[in-house]
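Structure record follows, encoded as structure tokens.
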Amino acid sequence: MRIYLFIAAIAGGATFLLTPIVRHVAIEFGAVGRVRARDVHKIPTPRMGGVGMMLGFVVAMCFASRLPLTRGLFHNSLQPWIITIGAVLVCLLGVCDDRWDLDWMLKLAGQLIISVFVAWGGLQVVSLPFGSLVAASPSMSMAITAILIVASINAVNFVDGLDGLSSGIVAIGGVAFAIYSYIIARNSPSYASMATMIDVALVGICIGFLLHNWHPAKLFMGDSGSMLLGYLVTCASIVMTGRLDPTTIHASIFLPMFMPILLPVLVLFLPVLDMCLAITRRLAKGQSPMHPDRMHLHHRMLRIGHTVQGAVLILWGWAALIAFGSIMVLFFSIRYVAIGFAIATVILTFATLYPYFRRRIPEIRAENAAMSAARESAKGNMGRPKHSTDTVTAGRHRRAERGNDTSVRDQTAKH
């Protein structure tokens, strides 16, 4: 465990130290995001923060290749280097988008090419657990792997809308991944686990960048960062689950979460949910799935009255509830986990809706008071004596008749 913590510290420290340099390079390179209608920030802010995260990951992998516990992972397979090369390529594709705002179809094509390259290099989902473990053909494995990577890349990209939101959510998911993969690795002759190594490095670069990205952010991760995070979290899940045979592990840790398709969805539940809602919403309007709008989950949080920091913390809470709730069954009874999950859901629901109720309840009270006053006024008019109204009306008629008589007499006298 200490080795993995050391790898995380190396990744976080390298990212933290290199990110200010990347910020200056981004300004010189012209990768400064203009303020768009859908953006929350009010001033132009440099992007390309993903370059610092990518460099931190590369440094961590180089250190890991020399450590006694994880050195064998690099000697026995090229997979960690293939994953690292894919991370560099994904980040460079994101840099191009941060600088020149690539067309979404061109960007999607680049993601597919990189995903196929990584799958061709050996990172593949070899088996799918549907009832029993069924071996897939190589072409099917590559297709499933590429689809998973592209979906996760865009899911994290969709949710990257507030300072610190996506890096925090991915860090939470990375911690959950690392705990589960470490438990799986304890059943093997060696504690070395490539999935755990990637997870802890991922958590490290997220925390190192978050120190520069907390609101108000000095630097945005941009597509270079969001796509990198989505890529790495999926690579770690495929490494951990793509070759997992449930017959080789104890039944107490056999969870549906080992499925390569279900695991990223559980840990990245909020990004995946936001992506699905956005695609459905845009297609229903006849728009492109990549058409920007201000209807994402974080935009809705701000609309009901949350601050940027408050919205980020609450969304972190939801991500932690789903990610850690799925692995708590490893340590506690399912009944206790369900009770705790229900309590946490109620608390987070109240925290999510509190600004809305705080603003809406006084408005409802004012509306009720106005309606009550209107009803009282209507009752008062209905209860007024009818003869009083007749008397006033009759008096007005008599005064008008007297005025007319006076006018007639005056005219007669003149004649």
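The values are calculated or read from the model by the stated rules, or taken from the named source; none is laboratory data. This one's a predicted model, so the numbers in the text were calculated from it and none came from an experiment. Cβ placement follows ideal geometry from the backbone for every residue including glycine, while neighbour counts extend to all protein chains displayed.
Table: residues versus (1) at pLDDT below 80; (2) under 36 Å from the mean Cα position of the chain (by Cα).
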residue	(1), (2)
Thr349	no, yes
Thr352	no, yes
Pro355	no, yes
Ile361	yes, yes
Met382	yes, no
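In this structure, does Phe209 turn out to be among the aromatic types (Phe, Trp, Tyr), closer than 12 Å to Gly164 by Cα and assigned to a helix (DSSP H, G or I)? Spelling it out, Phe209 is indeed among the aromatic types (Phe, Trp, Tyr), closer than 12 Å to Gly164 by Cα and assigned to a helix (DSSP H, G or I). In the stretch 322-332, what residues are more than 12 Å from Gly173 (Cβ to Cβ) and in contact with a helix residue (DSSP H, G or I) (Cβ under 7 Å, 6 or more places away or on another chain)? The answer is Gly325, Met328, Val329, Leu330.
The condition (being within 28 Å of Leu270 (Cα to Cα), crowded, with 17+ Cβ neighbours inside 10 Å and out of contact with any strand residue (DSSP E or B) (no Cβ under 8 Å at 6 or more places or on another chain)) is satisfied by just one residue among Val116, Val90, Val59: Val90. Just so you know, in the stretch 1-32 the residues that are of a type in the set (Gly, Ala, Ser) and in contact with a helix residue (DSSP H, G or I) (Cβ under 7 Å, 6 or more places away or on another chain) include one that is surrounded by the fewest Cβ atoms within 10 Å (Cβ to Cβ), and it is Gly30. Within the stretch 212-224, the residues that satisfy the criterion of being out of contact with any Cys (no Cβ under 8 Å at 6 or more places or on another chain) and part of a helix (DSSP H, G or I) are His212, Asn213, Gly222, Asp223. Residues in the stretch 62-87 that are more than 28 Å from Phe220 (Cβ to Cβ), among the hydroxyl-bearing types (Ser, Thr, Tyr) and surrounded by 13 or more Cβ atoms within 10 Å (Cβ to Cβ): 2 in all. Scanning the stretch 93-113 for residues that are assigned to a loop (DSSP other than H, G, I, E, B) and either surrounded by 16 or more Cβ atoms within 10 Å (Cβ to Cβ) or within 22 Å of the chain's Cα centre (by Cα) (or both) returns Asp101, Leu102.
In this structure, does Met290 turn out to be farther than 21 Å from Tyr180 by Cβ, within 18 Å of the chain's Cα centre (by Cα), at pLDDT 80 or above and not charged (D, E, K, R)? No.
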